[in-house]
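The values are calculated or read from the model by the stated rules, or taken from the named source; none is laboratory data. Just so it is clear, the structure is predicted and the values come from calculations on it, not from any experiment. All Cβ positions, glycine included, derive from the backbone under ideal geometry; neighbour counts span all protein chains shown.
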C-alpha cells in the first residue's frame, strides 16, 4: 500500500500594478511604474507519494510548523 501526503503552501507573489495600463487615447504605457510594491497571497496544493507509512510520517514530522498544520496523510 502507498501513502499520499498533501499540503498547502501559501506565498506572497508579485502582483500587477493597477495604475500601469495603456492610455485609452494613445494606447501607450506610461513612462513610470507604481511607487509601491503590489503583492498578493497565492495558495497552491502540493503532494508526495511514499512507499511506506513510516516514510510519510517522518516527512510530516520534519516539515516546518506552518506547513505541518495543513498536511494530510491518505492511503492510496
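Some observations on this one:
- Residue that is farthest from the chain's Cα centre (by Cα), among those in the stretch 1-30 that are in a loop (DSSP other than H, G, I, E, B) and under 30 Å from residue 75 (Cα atoms): 1
- Residue 54, sole failed condition from (1) modelled with pLDDT of 95 or more; (2) under 20 Å from the mean Cα position of the chain (by Cα); (3) not in a loop (DSSP other than H, G, I, E, B): (2)
- Of the residues in the stretch 61-75, at least one is touching a helix residue (DSSP H, G or I) at 6+ places or on another chain (Cβ under 7 Å) and modelled with pLDDT under 95.
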